[in-house]
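Only the coordinates and a few stated rules stand behind these numbers; no lab work does. These numbers come from a predicted model, not from an experiment. All Cβ positions, glycine included, derive from the backbone under ideal geometry; neighbour counts span all protein chains shown.
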Amino acid sequence: MQRQKSILSFFQKP
Amino acid sequence: MLELRLVQGSLLKKVLESVKDLVNDANFDCSATGFSLQAMDSSHVALVALLLRSEGFEHYRCDRNLSMGMNLNNMAKMLKCAGNDDIVTIKADDGGDTVTFMFESPTQDKIADFEMKLMDIDSEHLGIPEAEFQAIVRMPSAEFARICKDLSSIGDTVVISVTKEGVKFSTRGDIGTANIVCRQNTTVDKPEDATVIEMQEPVSLTFALRYMNSFTKATPLSNQVTISLSSELPVVVEYKVAEMGYIRFYLAPKLEE
């Protein structure tokens with residue numbers, strides 16, 4: 001089963 | 001005070017057409033570097049980053065850094081009123097709550113100004129780390145758009161795989177499966193027709209076609225698209241904006257649980 005990742009899990013918040 | 005004059009106003013029209021369905025509201029940031037935007041779609045799966053460098057404008061005045069919150073659909077509505085050959089000037093006062101788009105016909109016989117209300121948008125600028133990509137594919141943008149459109153009539157996701165054979169776009173749906181392989185092709189009459197594959201290592205990733213199709217709305221901006229891939233990282237789909245900058249779409253992959 002594949003799950004859509006959020007872009008927030010790859011890029012850092014400031 | 002901000003005043004940006006863009007002779008090729010159609011570029012701005014095309015930029016807005018390419019992002020207005022993906023992002024509702026966004027802050028446009030204006031600095032000495034240029035006019036830029038970073039925004040996520042409402043479900044936080046994709047991110048768009050736009051840069052139009054100051055050197056690309058005929059006149060670029062930005063007294064101090066300014067962030068202008070705009071509804072992209074409304075901005076697109078206003079820019080649609082500019083002719084394709086019109087010169088577009090963006091004007092705003094420091095601390096003001098409106099932005100003005102001025103459209104001049106090439107012969108200067110028609111001048112229009114449209115004032116749009118700005119909005120306060122809470123947005124966080126995400127830090128995008130510099131990445132070494134396992135594979136970078138450069139191909140005709142119209143070809144990429146055609147592939148995404150065709151595959152989305154069969155399935156919801158696309159698997160993009162790069163091997164030494166080429167780049168393969170695959171999908172699967174209720175009615176069956178589809179595979180499209182594009183091989184490197186540099187023996188073309190026009191450089192924009194080339195497909196160039198730079199591969200460090202084979203890579204295979206799955207993405208939602210709905211977003212890919214949305215990104216291809218930027219196709220009128222550039223004859224070529226660059227697709228950069230690394231295992232378990234967002235894909236970067238980049239369209240150059242003439243000589244002045246780029247629009248980059250980042251899309252998070254679908255990964256095994």
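One table, with the values for the structure above:
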read-out	value
Net charge of Cβ neighbours under 12 Å - reference B:GLU232; Lys, Arg +1; Asp, Glu -1	+1
Hydrodynamic radius of region B:201-257 per Kirkwood, over alpha carbon pairs, in Å	12.2
Packing-based exposure ordering (other Cβ within 10 Å, fewest first) of B:THR219, B:THR186, B:THR107, B:THR163	B:THR107, B:THR186, B:THR163, B:THR219
Local net charge near B:ARG61, Cβ-Cβ under 13 Å (Lys/Arg +1, Asp/Glu -1)	-2
Length released on extending from B:GLN108 to B:HIS44, taking residue separation times 0.36 nm less the Cα-Cα span	18.7 nm
Helix axis angle, B:141-152 relative to chain B longest principal axis, alpha carbon, degrees	60
Cα-projected label distance for B:MET1 with B:LYS190, points at 7 Å along beta-carbon direction, nm	4.3
Cα-centred dipole magnitude for region B:1-67, charges only on beta-carbon of K, R (+1) and D, E (-1), debye, nearest 20	140
Dipole of region B:168-233, positive direction: furthest Cα of B:ILE175, B:SER214, B:THR187, with charges on the beta-carbon	B:ILE175
Residue pairs, from the table B:LYS20/B:LYS190; B:LYS110/B:LYS190; A:LYS5/B:LYS217; B:LYS77/B:LYS190, whose Cα atoms sit over 29 Å apart	B:LYS20/B:LYS190; B:LYS110/B:LYS190; B:LYS77/B:LYS190
Computed [θ] at 222 nm, deg cm²/dmol, chain B (DSSP H ≥ 4; -39,500 (n - 2.57); rounded to nearest 500)	-4000 deg cm²/dmol
Candidates per trypsin sites (Lys or Arg not before Pro) in region B:183-227, loop by DSSP, up to 16 other Cβ within 10 Å	B:ARG183
Calculated FRET efficiency for the pair B:ASP150/B:ALA242, C-beta based, R₀ 41 Å, to 0.05	0.90
Counted charge near B:THR107, where neighbours are those whose Cβ lies closer than 13 Å (Asp, Glu -1; Lys, Arg +1)	-3
Order of B:MET116, B:MET75 under a 10 Å beta carbon neighbour criterion, fewest first	B:MET116, B:MET75
Extension gain, B:LYS80 back to B:ASP122 (0.36 nm per residue minus Cα-Cα distance, nm)	12.5 nm
Relative exposure of B:SER105, B:SER161, judged by other C-beta atoms within 10 Å (fewest first)	B:SER105, B:SER161
Derived scalar couplings ³J(HN,Hα) [region B:157-169; Karplus, 6.51 cos²θ - 1.76 cosθ + 1.60; whole Hz; x for Gly, Pro]	10, 10, 9, 9, 10, 10, 10, 5, 6, x, 10, 10, 10
